[in-house]
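In what follows, a structure is listed as structure tokens, so that the remarks can point back to it.
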There are 2 protein chains.
Amino acid sequence: MAKELKQLTKRAENYSQWYNDLVMKADLAETAPVRGCMIIKPYGYAIWEKMQSVLDADFKRLGVKNAYFPLLIPKSFFAREAEHVKGFAKESAVVTHYRLKTSDDGKDIIVDPEAKLDEELIIRPTSETMIWHTYKNWIHSYRDLPLLCNQWCNVMRWEMRTRPFLRTSEFLWQEGHTAHATAQEAEEMAKKMLHVYADFVENWLAVPVIRGVKSPTERFAGALNTYTIEAMMQDGKALQSGTSHFLGQNFAKSFDVTFLNKENKPEYVWATSWGVSTRLMGALIMTHSDDNGLVLPPRLAPLQVVIVPIYKKAEQLDAITEKVKPVIEELKAKGISVKYDDDDTKRPGFKFADYELKGVPVRLVIGARDLEAGTVEVMRRDTLEKESVPFDGIAARVENLLDDIQKNVFEKARKFREEHTYECDNYDEFKKRINDGGFFLCPWDGTAETEAKIKEDTQATIRCIPLDVDQTNVTGTDMVSGKPAKYKVIIARAY
Amino acid sequence: MAKELKQLTKRAENYSQWYNDLVMKADLAETAPVRGCMIIKPYGYAIWEKMQSVLDADFKRLGVKNAYFPLLIPKSFFAREAEHVKGFAKESAVVTHYRLKTSDDGKDIIVDPEAKLDEELIIRPTSETMIWHTYKNWIHSYRDLPLLCNQWCNVMRWEMRTRPFLRTSEFLWQEGHTAHATAQEAEEMAKKMLHVYADFVENWLAVPVIRGVKSPTERFAGALNTYTIEAMMQDGKALQSGTSHFLGQNFAKSFDVTFLNKENKPEYVWATSWGVSTRLMGALIMTHSDDNGLVLPPRLAPLQVVIVPIYKKAEQLDAITEKVKPVIEELKAKGISVKYDDDDTKRPGFKFADYELKGVPVRLVIGARDLEAGTVEVMRRDTLEKESVPFDGIAARVENLLDDIQKNVFEKARKFREEHTYECDNYDEFKKRINDGGFFLCPWDGTAETEAKIKEDTQATIRCIPLDVDQTNVTGTDMVSGKPAKYKVIIARAY
């Protein structure tokens, strides 16, 4: 492993290869033998589980309830909302048969041609159509509203270019689907979920995000408005990390979902949907990690502290173990996950490299000399700084250090983003500088033409109209069209 | 709802219809618009989530780690283990294409014939093949063993006759897959998981189970040995509620998974797999519920206590609310979920019927007269017994009552099973009595012929060779063949 670690590509050499190496070598995920799919390994899945448990509690606090809807969607449902099918048809996995059989010569297992489905079924790329078909039976009166459901599940989009976590044919996600009596309430729900996502990503993943609105071109297929959180990776590219959609009455109309209002008159229901996926794992990995491996914010690290004893004789190990035991208990009592690694089949150097690769936030090393001196060596993974400190009070020190690391990795990422965000209203300058990555805050005339031109010339896209920039008094001119600007937008290349 | 409740079919009239009615009316699940699939509604899903969280903690205590493997399995993998494919080929949903397009006349959305997959993909009916393909890369040395993984996911088996929770084309489950260095260790793991399941089902679902071994005919496709837990439903039929398989080296051989032992010699790995599914919801519902609706064991009830105020004037409601508030806090502090239902748009009678239908274990009713008398009415859902008790100390009383209900529903089910379990060694008698349901403990000669004959004549099957019956000194003769018996087995009709 210590050897393999050296083979981790350096970020400066090839950022993309570094990411792929890291995902594999840190035991997060690996490529599956099915095109574009991945296997999430136990260490990676443990991080995803932590994300799930925090978000799930957030949702429940807002009164959202979990449910489960079918994996397969009849093709005809899927086609009902015109924009929606346009958006997803090109990447749909289709089930056409329901049986295999042995071939006539007995040599092969083949698809039984007699077991053809009357109507093809699509593996859900997202569940709006199935859910709105269901909501028709659940919603009759204003008393049934709001209806707030979420599901944790797998979805499938047959992507052509895939990368573990960032873009895979199958991925895990949650999809919330809410139904409301008024447009205003639905729009507020969509915004509320945006902030739930943003707060979660900042406070737990320690990834700073820009909260904004998508341009019409970049909206979810079938939405009237898409809210997004956009994070900056270490190569200056944007990663869309979560979206929340105001769907208007589109799906209610396609699936004929009405309710009787207080005046006993039928109205179409207003809708939102919102989701985050295993893509967040990509954001987490790419934001903080370095050439030595993963850097994990302590709040999401499956293992927060590792203690490695250094010894030559068995008696020394016994003495260290005795000394360390109460500290382990103390840390556990504080809710901190800790491992005492006294495995004598591996050298300390190997262990150090492995825990660095895995991003364990704090490492304690204690040797015979430390025992005498009453000290212990503390290393923090984020800065790789080592320090010899008094053994007494080490549990409290570690607890503070974990908090400090959580804040520091966020602050570092925030600073990086700040240093790579530029105001720009000159297209030539933009075209030159976009090659080095970064977020460009630019005046935009609000037209799809400008947007298309930028994308064509530079592969960069309007990531969002940021909510924290005053959009009411935008001055200046669009850098492409020269027309008066309507918005200030964030433009960047993106994953 | 009070009206609808009356429409719940009585068990004595039509047990099967009663079950279907109950699943729908208690808001547990409904039939999906995809053949044989179901939608799990929030109330049903909340119970499943509770089951998941308890089991997941059990697994983790044993060192099992969660991971995620792909939904789709290449047809060629699937075909590698001969018995396995034989068992699942007939019910496989097959993905053959990866794109839809608009038809030439622009009117329809059709499957794009040009987007045909080179190799068809099967939606996993279970993941042994994918996982053992993966384990080949994870296992090299005895140091990599044991390897203990689990995944929570959806699976699909294209069943012809389906019923919500009991048998659906898509269902949710967990599947554990472990790899070991020795046959003995693997066999022990398979047994250990059987007991984890049995303890969970008895302690949480309050469903008593028979722990046993399947006959060779009833084994999982590809297993050398299948352990099972079998529960008795109120109609006397058996429900297989969880299975754990000793897979020998079958999958290791099919996927060429070897490890270097301590002597540095390659050996094939030994395997187990084990799973429980949303079928457990069926066991839970059918074991305890009655003609008024669900009866839930308190430990799995999403809502454990409901408090309904009875009042005519607003001041009375205020006084009741004031009185009840500290009790609600006290119950919550004890970890008991409680709802105070002061919704004035619904009459008390409606509420009572609804909470009975939903199986809320304890109902408290408090009216103006109770306020004066310092009393409160307590109803327990399992026996429907009502009692007026002093208001003081009500939280502690409720806490004890919940424990008592948990024990009582288990004991009732255990007694029911006892009363419907018969020793039988006369085939004529068996054929007569099997029509009334029940478990029959019969001597068996151990041959597949006898087993087949019983199934053909009566549709009953050998559910298991029970572990708690001494199988070493079996006397008597097989009731079909008249040959000396080798085992005492449980025979029953089953879901």
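Numbers at a glance
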quantity: Test: residue in the stretch A:427-448 that is without any contact (Cβ under 8 Å) to a residue 24 or more places away in the chain and touching a Cys at 6+ places or on another chain (Cβ under 8 Å); calculated: yes
quantity: Exclusive hit being among the charged types (D, E, K, R) and touching a residue at least 40 places away in the same chain (Cβ under 8 Å), set A:318, A:354, A:343; calculated: A:354
quantity: Counted residues, the stretch B:86-115 - those being closer than 22 Å to residue B:225 by Cα, of a type outside the set (Phe, Trp, Tyr) and touching a residue at least 24 places away in the same chain (Cβ under 8 Å); calculated: 2
quantity: Hits in the stretch B:119-142 - residues which are farther than 20 Å from residue B:220 by Cα and either modelled with pLDDT under 95 or hydrophobic (A, V, I, L, M, F, W, C) (or both); calculated: B:121, B:138, B:139
quantity: Qualifying residue in the stretch B:119-132 (condition: aromatic (Phe, Trp, Tyr) and either facing another protein chain (nearest Cβ under 10 Å) or touching an Asp or Glu at 6+ places or on another chain (Cβ under 8 Å) (or both)); calculated: no
quantity: Every residue from the stretch B:11-56 that is more than 14 Å from chain A (Cβ to nearest Cβ) and of a type in the set (Phe, Trp, Tyr); calculated: B:15, B:18, B:19
quantity: Check on residue A:287, part of a strand (DSSP E or B), at pLDDT 95 or above and surrounded by 22 or more Cβ atoms within 10 Å (Cβ to Cβ); calculated: no
quantity: Residue check for residue B:256: closer than 30 Å to residue B:219 by Cα and among the acidic types (Asp, Glu); calculated: yes
quantity: Identity of the residue in the stretch B:153-176, among the basic types (Lys, Arg) and assigned to a loop (DSSP other than H, G, I, E, B), that ends up surrounded by the fewest Cβ atoms within 10 Å (Cβ to Cβ); calculated: B:161
quantity: Residue count, the stretch A:211-259 (criterion: surrounded by fewer than 19 Cβ atoms within 10 Å (Cβ to Cβ) and on the phi > 0 side of the Ramachandran plot); calculated: 1
quantity: Which listed residue, of B:440, B:391, is surrounded by 13 or more Cβ atoms within 10 Å (Cβ to Cβ), within 30 Å of residue B:318 (Cβ to Cβ), among the aromatic types (Phe, Trp, Tyr) and in contact with a helix residue (DSSP H, G or I) (Cβ under 9 Å, 6 or more places away or on another chain); calculated: B:391
quantity: Those residues of the stretch A:119-148 which are touching a Gly at 6+ places or on another chain (Cβ under 8 Å) and under 23 Å from residue A:76 (Cβ atoms), in sequence order; calculated: A:126, A:128
quantity: The listed residue being basic (Lys, Arg) and more than 8 Å from chain A (Cβ to nearest Cβ), out of B:107, B:101; calculated: B:107
quantity: Every residue from the stretch B:57-97 that is modelled with pLDDT under 95 and more than 9 Å from chain A (Cβ to nearest Cβ); calculated: B:80, B:81, B:82, B:83, B:84, B:87
quantity: Residue within the stretch B:433-444 that is on the phi < 0 side of the Ramachandran plot, in a loop (DSSP other than H, G, I, E, B), of a type in the set (Val, Ile, Thr) and not assigned by TED's automatic domain parsing to the domain that holds residue B:239 present; calculated: no
quantity: Only one of A:317, A:303, A:331 that is part of a loop (DSSP other than H, G, I, E, B) and either among the basic types (Lys, Arg) or outside the structural domain of residue A:151 (by TED's automatic domain parsing) (or both); calculated: A:303
quantity: Options A:207, A:196, A:201; residue that is assigned to a helix (DSSP H, G or I), under 30 Å from residue A:433 (Cβ atoms) and in contact (Cβ under 8 Å) with a residue 40 or more places away in the chain; calculated: A:201
quantity: Odd one out for residue B:339 among (1) within 17 Å of residue B:399 (Cα to Cα); (2) touching a helix residue (DSSP H, G or I) at 6+ places or on another chain (Cβ under 6 Å); (3) in a strand (DSSP E or B); calculated: (2)
quantity: Check on residue A:40, in contact with a Leu (Cβ under 9 Å, 6 or more places away or on another chain) and under 30 Å from residue B:34 (Cα atoms); calculated: yes
quantity: Condition met for residue B:223 (assigned to a loop (DSSP other than H, G, I, E, B) and more than 14 Å from chain A (Cβ to nearest Cβ)); calculated: yes
quantity: For residue B:217: the one exception among (1) modelled with pLDDT of 95 or more; (2) in contact with an Asp or Glu (Cβ under 7 Å, 6 or more places away or on another chain); calculated: (1)
quantity: Residue among B:190, B:206, B:179 that alone is crowded, with 21+ Cβ neighbours inside 10 Å, at pLDDT 95 or above, assigned by TED's automatic domain parsing to the domain that holds residue B:39 and on the phi > 0 side of the Ramachandran plot; calculated: B:206
quantity: Close pairs from the stretch A:287-314: first farther than 30 Å from residue A:494 by Cα, partner surrounded by fewer than 18 Cβ atoms within 10 Å (Cβ to Cβ) and at pLDDT below 95, Cβ under 7 Å, at least 6 apart; calculated: A:311/A:368
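The values are calculated or read from the model by the stated rules, or taken from the named source; none is laboratory data. Note that the structure is predicted; figures quoted are calculated from it, not measured. Backbone-built Cβ (ideal geometry, glycine too); neighbour counts: all protein chains shown.
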